[in-house]
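Input: a single structure, listed below in structure tokens.
The values are calculated or read from the model by the stated rules, or taken from the named source; none is laboratory data. All values reported here derive from a predicted model rather than from experimental measurement. For neighbour counting, all protein chains shown are included, and Cβ atoms are generated from backbone atoms with ideal geometry for every residue, glycine included.
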Amino acid sequence: MGYQGNFRVWRGDEDGGGLEDFTVEVNEGEVVLDVIHRLQATQAGDLAVRWNCKAGKCGSCSAEINGRPRLLCMTRMSTFTEGETITITPMRTFPIIRDLVTDVSFNYTKAREIPSFKPPKDLAPGEYRMQQIDVERSQEFRKCIECFLCQDTCHVIRDHEENKEAFAGPRFLMRVAELEMHPLDEGGRTVAAQETHGLGLCNITKCCSEVCPEHIKITDNALIPMKERVADRKYDPVVWLGNKIFRR
Ligand code: SF4
Ligand code: F3S
Ligand code: FES
């Protein structure tokens with residue numbers, strides 16, 4: 001049975017905006033994106049929203065629902081009560097383009113700062129050999145759909161524009177960890193993780209892992225192991241001595 005739902009949607013652009021109230025029909029089995037589409041079709045034809053697959057796989061429809069970073073297409077209306085007012089706002093960490101659409105180019109800049117996979121020079125592509133356990137480790141990280149909800153929620157940059165320069169964010173620290181854990185990678189990424197990508201700014205609050213729609217254990221399986229590698233490198237006397245001798 002359908003009902004009339006109460007919605008509060010942020011509307012505006014880079015110059016400013018605010019929340020607007022709407023009453024929109026909600027039908028059984030719908031997700032928040034269905035309601036946004038009905039709002040566009042019936043009352044707000046120029047409402048800007050980014051989406052593509054409507055299946056939780058393209059990572060386009062990221063926004064905040066009642067202040068929580070979520071995919072609009074994967075948030076079921078049945079998780080709310082009928083009388084509740086549902087507030088939908090754009091991701092707070094990124095600059096507004098219009099309405100629910102933000103400029104996520106920060107993330108592409110950070111992606112470009114990470115040097116690509118570096119296999120041993122004398123190894124031809126067909127000669128790569130990996131243990132299954134190493135394959136599985138990186139496969140978890142490769143489930144990422146680049147929705148950037150983890151980047152949006154991380155307090156290091158959420159209300160701290162000044163940290164953006166020095167911090168790659170959980171999604172890209174995870175990418176550094178993925179490459180560092182690859183048995184064939186010779187990129188030597190621990191120093192860069194700490195000094196270039198800002199791993200030290202992460203104080204393992206785990207909010208990134210909590211909002212990930214792919215349920216990737218970003219903190220436990222990527223960030224903490226990476227911090228351990230950085231610590232090993234710093235405090236292992238053999239590594240320390242090796243650095244002293246060979247890195248003059
Ligand atoms: Fe989205 Fe998870 Fe990838 Fe972060 S790690 S961008 S939350 S899928
Ligand atoms: Fe941020 Fe996740 Fe670390 S939310 S502080 S990157 S554990
Ligand atoms: Fe693709 Fe929501 S529309 S993840």
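Identify, please: which residue in the range 168-190 is part of a loop (DSSP other than H, G, I, E, B) and among the acidic types (D, E) and is, among those, nearest to E127 (Cα to Cα)? Checking each candidate, the answer is D185. Pairing each residue of the range 62-90 that is modelled with pLDDT of 95 or more with any residue that is hydroxyl-bearing (S, T, Y) and within 16 Å of ligand 1 (Cβ to nearest atom), provided the two are 6+ apart or on different chains, yields C-beta distances under 7 Å for I65/T75; P69/S62; P69/T153; L71/S62; P90/T102. Inside the range 78-96, residues that are in a loop (DSSP other than H, G, I, E, B) and surrounded by 19 or more Cβ atoms within 10 Å (Cβ to Cβ) make up a count of 4.
Number of residues in the range 1-24 that are touching an Asp or Glu at 6+ places or on another chain (Cβ under 8 Å), hydrophobic (A, V, I, L, M, F, W, C) and part of a strand (DSSP E or B) equals 3.
Of everything in the range 119-167 that is touching a His at 6+ places or on another chain (Cβ under 9 Å) and outside any helix (DSSP H, G or I), the residue that is surrounded by the fewest Cβ atoms within 10 Å (Cβ to Cβ) is K143.
If you go through the range 31-74 and keep only what is within 16 Å of ligand 1 (Cβ to nearest atom), among the small types (G, A, S) and under 19 Å from I97 (Cα atoms), you end up with G59, S60, S62, A63. If only residues of the range 207-232 that are over 15 Å from R175 (Cβ atoms), of a type in the set (A, V, I, L, M, F, W, C) and at pLDDT 95 or above are counted, the one that is nearest to ligand 1 (Cβ to nearest atom) is V211.
For the range 199-232, the tally of residues that are buried (at least 17 other Cβ atoms within 10 Å of the Cβ) and either among the aromatic types (F, W, Y) or over 16 Å from the mean Cα position of the chain (by Cα) (or both) stands at 5. Of all residue pairs spaced 6 or more apart or on separate chains, those with beta-carbon atoms under 6 Å, a first member in the range 183-207 that is among the hydroxyl-bearing types (S, T, Y) and a second member that is buried (at least 16 other Cβ atoms within 10 Å of the Cβ) are T190/R229; T190/V230; T190/R233.
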